[in-house]
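Notes for the one structure printed next.
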Amino acid sequence: MPHGDPPVLGLVAGQGQFPALVAAGAKAQGWGVAAVGFAENTTSGLAAETDWFQWLKLGQLGKLVAFFRTHGVRQVVFAGAINKPRALDIRPDFRAARLLWNLRSKSDNTLLTAVAGELRREGMEVVSALRFVPELQTPAGQLTKRGLSRREQQDLEYGWPIAKAIGRMDIGQCVVVREQMVVAVEGLEGTNAMLKRAGDLGGRGGMAIKIFKPGQEEAIDQPSVGLSTVETMLEAGLTSLVVEAHTSLFFDRDASVALANRHGLCLYGRSDGQDGGD
């Protein structure tokens, strides 16, 4: 990189608004942004928000690395989810196939950690998106006017270690509990689809708990919630949401809290090891 040129951030872009927010935050801090996107995952308008952009197919790890090297990338951020059912149709190139061959499982944590390892071997540092969008960090404590009821605190104490255990097995990041029973566990369908299923199964009054997976790198696959999460909770009849504070992302937080307040929901940020009260 010529002397005086801005540093370049490599952005691996998945679904939603997150990649564009990271790109804007990085550019505001004086970074150039080289992003890769994936058909049927990445928003088509992202290219206009970055300095360099490349469409890839899932599994084209060699092209991803080559693109970042061409533009002098030294730090990389993963932002936005990849549709998991579509990810099952991955067609790996030689580099990705070699990587997959050496893995014991193809779970989220294993795959993302392996890809991060490949980037590090190329001299690129994988960093948390919160470095560029710190305002998205979920704060600790009660976020809405209504706090957790005694029954909800009991559900939280019951459900938190279960959510952590499921996360430790790299199954999912979210569970729904009610009356100290597990109603639903997140799988390939993603959080919102699971919340709808929980409403069908458990009726009104459930609690959603979304955690950071134990053993997961903080720079990749951070749990996230937002306005669509609260809207889905209302549709499903769930009444409280507990999100792991500091390591989770909360999009459209002001609008989410306002909507929750209008309907008497409780939104709460809990630090690992903290009790359910304030």
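Values in this text are rule-based calculations from the coordinates and carry no lab data. Predicted model only: the values in this text are computed from it and were never measured. Here the Cβ positions follow ideal geometry from the backbone for every residue, glycine too, while neighbour counts run over all protein chains shown.
Listed values, structure above:
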{"read-out": "Quarter of Cα convex hull surface for the stretch 132-183, i.e. mean projection, nm²", "value": "5.0 nm²"}
{"read-out": "The chain - mean residue ellipticity at 222 nm from DSSP helices (-39,500 (n - 2.57) per run, n ≥ 4, rounded to 500)", "value": "-10500 deg cm²/dmol"}
{"read-out": "Estimated dipole of the stretch 137-270 in Debye, rounded to 20 [Cβ of Lys and Arg +1, of Asp and Glu -1, Cα centre]", "value": "480 debye"}
{"read-out": "Amide H partners (placed H, <5 Å) of F53, local residues excluded", "value": "A35"}
{"read-out": "Close Lys-Lys pairs in the chain, where close means Cα under 24 Å and separation is 8 or more or interchain", "value": "19"}
{"read-out": "Sparsely packed trypsin sites (Lys or Arg not before Pro) within the stretch 1-68, loop by DSSP, other Cβ within 10 Å at most 15", "value": "K57"}
{"read-out": "Prolate/oblate/rounded call for the stretch 137-270, Cα gyration tensor, a/c under 1.5 rounded", "value": "rounded"}
{"read-out": "Gain in span if fully extended, H263 to K57, counting 0.36 nm per residue against the direct Cα distance", "value": "70.0 nm"}
{"read-out": "Net lengthening on full extension, Q142/E125 (0.36 nm per residue, minus Cα-Cα)", "value": "2.7 nm"}
{"read-out": "The stretch 205-224 residues near the modelled V185 label - backbone nitrogen below 20 Å, point 7 Å along Cα→Cβ", "value": "206-216, 223-224"}
{"read-out": "Inter-probe distance in nm under a simple model that places probes 7 Å from Cα toward Cβ, at R168 and A114", "value": "2.4 nm"}
